[in-house]
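These notes concern the structure reproduced below.
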Amino acid sequence: MYKLKEIRKSMGYTQLYMAKKLNISESYYSQLENGNRRMPLSIALKIAKVLNKSFEDIFLP
């Protein structure tokens, strides 16, 4: 979804690592990342913080 997967992988983070940082299950994180679930804004903002990127860098074209 968006550039999320690319950025996460470039930083060497796994889906499990992200899920733990966000306090969600790995399967839920995977569904969010792959666009199979609608991502709540609150989680999107937390993802940006974990990745130390701006929301725009991750979620805007």
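No lab work stands behind these numbers, since they all come straight from the coordinates. This is a predicted model, so every value here is computed, not measured. Every residue, glycine among them, receives a Cβ derived from its backbone with ideal geometry; neighbour counts consider all protein chains shown.
Quick one: Cα convex hull volume of the chain, Å³ per residue?
Expressed per residue, the convex hull around the Cα atoms of the chain is 71 Å³.
Can you tell which of Leu22, Leu32, Leu41 shows the greatest fluctuation in a Gaussian network model of the chain with Cα springs below 10 Å?
Among Leu22, Leu32, Leu41, the largest mean-square fluctuation in the Gaussian network model of the chain belongs to Leu41.
Please turn the phi angles of region 46-61 into ³J(HN,Hα) values with the Karplus equation 6.51 cos²θ - 1.76 cosθ + 1.60 (θ = phi - 60°), one per residue in order, whole Hz, x for glycine and proline.
5, 4, 4, 5, 4, 7, 6, 10, 7, 3, 4, 4, 8, 10, 10, x
In nanometres, what is the gap between the two model label sites at Tyr2 and Ser30, each 7 Å from Cα along Cα-to-Cβ?
It works out to 2.2 nm between the two label points.
Could you size up the charge dipole of the chain around its Cα centre, putting +1 on the beta carbon of Lys and Arg and -1 on that of Asp and Glu, and report it in debye to the nearest 20?
120 debye
Identify the residues of region 31-61 with backbone N under 18 Å of a label point that sits 7 angstrom from the Cα of Lys9 along the Cα-to-Cβ direction, or state none.
The answer is 31-36, 51, 58-59, whose backbone nitrogens lie closer than 18 Å to the label point.
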